[in-house]
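This report refers to the structure that appears directly beneath it.
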Amino acid sequence: QVQLVESGGGLVQAGGSLRLSCAASGRAFGVYVMGWFRQAPGKEREFVASISWAGRTVYADSVKGRFTISSEDAKNTMYLQMNNLKPEDTAVYFCAQKGGSGTSLRSDEYNYWGQGTQVTVSS
């Protein structure tokens, strides 16, 4: 059973930075994709970024050039470095894992989820 635990959220002013971490225990898939999603109040969960087991990254247009996804296999940890944060980035951020090598922007294709960490950006 895979468990994912996010950390690193908090309150930051617009233009500031945060780094989220996702620690994974167990691994259900030999080939997998890890992703970050976010959900703001009253809105649907949306894709932010993903990274495959081979290191291929994909970003949502809204975060390109500001966010960087990375992973450290030795620590079974994935990161999301968020720079130049904007108030519209305010949301609960979730990490997730799916099997296979193909990335997906659809949350329903991810099998395992963390509990989420709150990111609040003040203007």
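The values are calculated or read from the model by the stated rules, or taken from the named source; none is laboratory data. Note that the structure is a prediction, hence the values are computed from the model and not measured. Because the Cβ atoms are built from the backbone with ideal geometry, glycine has one as well, and the counts that use them run over all protein chains shown. Areas reflect the complete protein model, heavy atoms only, side chains present, ligands, DNA and RNA absent. Shrake-Rupley method; radii C 1.70, N 1.55, O 1.52, S 1.80 Å.
How many percent of all Cα-Cα pairs in the range 37-119 sit more than 21 Å apart? It would help to have the intermediate numbers written out before the result.
Values: 814 of 3403 pairs.
Everything past 21 Å amounts to 24 percent.
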Can you give the accessible area of Asp61, probe radius 1.4 Å, in Å² rounded to 10? 120
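Normalised by the number of residues in the chain, what is the relative contact order in percent for Cα pairs under 8 Å and 6+ residues apart?
Working: 308 pairs, mean separation 44.9, N = 123.
Result for the chain is 36 percent.
How do 33-39, 50-56 rank on mean C-beta neighbours within 10 Å, highest first? Let's see the in-between values first.
Details: 33-39: 23.4, 50-56: 15.7.
Highest mean packing first, the order is 33-39, 50-56.
Subtracting the Cα-Cα distance from 0.36 nm times the residue separation, let me have the gained length for Lys86 to Arg66 in nm, one decimal. It would help to have the intermediate numbers written out before the result.
Values: separation 20, 0.36 × 20 = 7.20 nm, distance 1.00 nm.
Separation in residues times 0.36 nm, less the Cα-Cα distance, equals 6.2 nm.
Set the Förster radius R0 to 25 Å, insert the Cβ-Cβ distance between Arg19 and Glu46 as r into 1/(1 + (r/R0)^6), and round the FRET efficiency to 0.05.
After rounding, the FRET efficiency stands at 0.80.
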Given the C-alpha centroids of the range 70-105 and the range 1-54, what is the distance between them in whole angstrom? 3
Reference-scaled alpha-carbon Rg (2.2 N^0.38 Å with N residues) for the range 49-90: 1.24
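Given a 1.4 angstrom probe, what's the average accessible area per residue across the chain, in square angstrom?
Working: 6230 Å² over 123 residues.
I get 51 Å² per residue for this part.
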Considering only protein heavy atoms and a probe of 1.4 Å, how much of the accessible area of the chain is carbon and sulfur, as a whole percent? 46
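Considering only protein heavy atoms, with the full assembly of protein chains and a 1.4 angstrom probe, order Glu44, Glu6, Glu72 by accessible area, largest first.
On the way: Glu44 155, Glu6 10, Glu72 65 Å².
Listed by decreasing accessible area, they come as Glu44, Glu72, Glu6.
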Potential extension, Leu105-Gln39 segment - 0.36 nm per residue separation minus Cα distance: 22.4 nm
